[in-house]
Amino acid sequence: MVKKEVSQEIEQSSNPSNNQKTSERTTARMRTLIQAIAEIQKMDSDTAFTLTALRRKTRSGEIPSIMIGKKNLVNLDVVISYLNNPSSFIEKSSLKEINKIRKVI
């Protein structure tokens, strides 16, 4: 049921004819990791997705993020779409690089 609500929210935000706010909003909804988790918990209070999981996903590169000073920022819409369909974000070649043992020189 929550997935339907989240997917409906994404559809509304991606379709400007359904939502006038998207035509007014031109910037991404960038959030710190803590703020992103708080927003996800507002949408689904029983979520099993944790702050630690989000940190791991951003460090591995599965969810894109940017560092501004000491803060790690993510696009909230990208995080939500990742949770709806994680297989579309994972590039197998990049995961092999992460889990690979590197040669010591």
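Each reported figure results from applying straightforward, stated rules to the coordinates on display, with no laboratory input. Being a predicted model, the structure only gives us computed values, none of them experimental. Here the Cβ is made from the backbone with ideal geometry for all residues, glycine too, and neighbour counts use every protein chain on show.
So here's what we get for this one:
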read-out: Diffusion coefficient, µm² s⁻¹, Stokes-Einstein with Kirkwood Rh over alpha-carbon pairs of the range 30-98 at 10 °C and 1.306 mPa s; value: 128 µm²/s
read-out: Contour excess over end-to-end distance, with Cα ends at residue 68 and residue 84 and 0.36 nm allotted per residue; value: 3.1 nm
read-out: Estimated FRET transfer efficiency (residue 101, residue 56; beta-carbon r; R0 30 Å; 0.05); value: 0.95
